[in-house]
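Peer 1: Before anything else, here's the structure in question.
FYI, it's all coordinate maths here, none of it is from the lab. All values reported here derive from a predicted model rather than from experimental measurement. Here Cβ is always computed from backbone atoms with ideal geometry, including for glycine, and neighbour counts include all displayed protein chains.
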Amino acid sequence: MFSELAIRNLRIIRDLRFALSPGINLVSGANGAGKTSIIEALYLLSVGRSFRHRDPAPLIRDGAEVAELFARFEDDRGVRHALGMRRERQHLVVRLDGRSSVRRSEVLRLLPVQFIGSDPQQVVEGAPEYRRQLLDTGLFHVEQNYLSLMQRYSRALSQRNAALRQGIALVSQWDHTLVETGTVIDAMRRTYVERICARAEAWLSDWGLDLGVSIQYRSGWRAGWSLAESLEAHRDTDRRQGYTGVGPHRADMVINTRAGRGGKILSRGQLKMLVAAVVMAQAEIHRERHGRAPVLLFDDLPAELDRGNREKLLSGLGNVYAQIVVTALDIDDLGAVPEARMFHVEQGELSGPEAG
Ligand SMILES: Nc1ncnc2c1ncn2[C@@H]1O[C@H](COP(=O)(O)OP(=O)(O)OP(=O)(O)O)[C@@H](O)[C@H]1O
Ligand SMILES: [Mg+2]
């Protein structure tokens, strides 16, 4: 969990530093004050890229050449670390405990975060990549060899796709690795989705939201077939198209309600509660494995939620997470949150008791 954060020249923020509470942190401020940018800084430090867009250039404050982030944090075993990031337009340098040769996966393991943004619709109705990424990040933390399986799968997939594009006859030489790794990835994801679904349902029913939600994992190939059979059956199509059209890289996690596809049926507030339940379910599974949930970054929590749901959600979050950073336009929108540390931002600067 984070203990200190310093930001220089990120978006509207020129120079801002503060100590975080190990519990709940509330960040308030008007539109454009820099609330999401603070959440973004924490996310950038852990994940290495923004949740807003891939292009790093807009992160750097207008007129500056480099955005700099620094955090002190504690890992799951209670070991303290120092993490720095220098983001230039073309160049990124990350330093962990004084070392500059740092693998992204190393930082992710030491400092896991989860993010819930202000557009929950996207999780349910957006592109499947988005949901695969949720699954893959969750599994990366709970299954020791998931990352290396995914890396082997992706390498074999790019080699097979290159062979398909070049019209090489022997694409089947990659199939063995794809089947071997893809089948395990599929089984892990399937079990993981079942666990998420059970817990998310439990949260929703705790909250009295009987939405009849079901979450199904779709493998990315024909149901009832093995991956080997599907690759075989699809080979001619793959040759014509120049890429591999079946496999775990085409998987999805489909979120339905009793009445139909979730994103088309549910209200925005209901969708937000549903997405929170899914993310909390992942956090609980993470916590069982590591003893502590990831840090939760929840942007604009009160938006779209009525008072009852806001209260239920906040108390649920308090049961699952240790450290939470929540933003809101107005702190009063959150109601009473005991023992929270509060920050108010105005034009990229802290004001109020926590300033300086
Ligand atoms: N590269 C940049 N240089 C300077 N200012 C920027 C840059 N990128 C974004 N901004 C400005 O930074 C401000 C902070 O945006 P941010 O999204 O953090 O605000 P917010 O407090 O979350 O607002 P909202 O309540 O509308 O979500 C905005 O006013 C935006 O125009
Ligand atoms: Mg915002």
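Peer 1: Which value at 222 nm does the chain reach when only helices count, each DSSP H run of 4 or more adding -39,500 (n - 2.57), with the total divided by all residues and rounded to the nearest 500 deg cm²/dmol?
Peer 2: Values: 10 runs with 151 residues, N = 356.
Here the helix-only value at 222 nm equals -14000 deg cm²/dmol.
Peer 1: Still on this structure: Taking the square root of 5 times each eigenvalue of the Cα gyration tensor, what semi-axes in Å does the equivalent ellipsoid of the chain have, largest first? Could the numbers behind the result be given before it?
Peer 2: Working: eigenvalues 268, 136, 65 Å².
In descending order the semi-axes read 37, 26, 18 Å.
Peer 1: Alpha carbon centre of the range 20-91 versus the range 211-286: separation in Å?
Peer 2: After rounding, the separation between the Cα centres reads 31 Å.
Peer 1: Pick from Tyr130, Tyr243, Tyr217 the residue whose mean-square fluctuation is largest in a GNM of the chain, springs joining Cα atoms under 10 Å.
Peer 2: Per the Cα network of the chain with a 10 Å cutoff, Tyr243 tops the list.
Peer 1: Highest GNM mean-square fluctuation, the chain, Cα pairs closer than 10 Å: which of Gly29, Gly48, Gly208?
Peer 2: It is Gly208.
Peer 1: Relative to the present Cα-Cα distance, how much length would full extension add between Asp97 and Ser158 at 0.36 nm per residue of separation?
Peer 2: Residue separation times 0.36 nm, minus the Cα-Cα distance, leaves 18.5 nm.
Peer 1: Additional query: Say R0 is 22 Å: what FRET efficiency, to the nearest 0.05, do Thr177 and Arg49 get from their beta-carbon distance?
Peer 2: 0.20
Peer 1: Would you please state the base-10 log of I(q)/I(0) at q = 0.10, 0.21 1/Å for the range 1-144, with intensities from the Debye formula using one equal scatterer on every alpha carbon?
Peer 2: The computed values of log10 I(q)/I(0) come out as -0.35, -1.53.
Peer 1: For the residue pair Arg17 and Arg89, what label-to-label distance in nm results when each label sits 7 Å from Cα along the Cα-to-beta-carbon direction?
Peer 2: Computed distance between label sites Arg17 and Arg89 equals 2.9 nm.
Peer 1: Right, another one. On a 0 to 90 degree scale, rounded to 10, what angle separates helix 307-320 from the longest Cα axis of the chain?
Peer 2: Rounded to the nearest ten degrees, it is 70.
Peer 1: Any idea what angle helix 128-142 forms with the longest principal axis of the chain, computed on alpha-carbon atoms, 0 to 90 degrees, nearest 10?
Peer 2: 80
Peer 1: Here's something else I'd like to know. Taking the chain as the reference, fit the longest principal axis to its C-alpha atoms, fit the long axis of helix 172-206 to the helix C-alpha atoms, and give the angle between the two in degrees, 0 to 90, nearest 10.
Peer 2: 40
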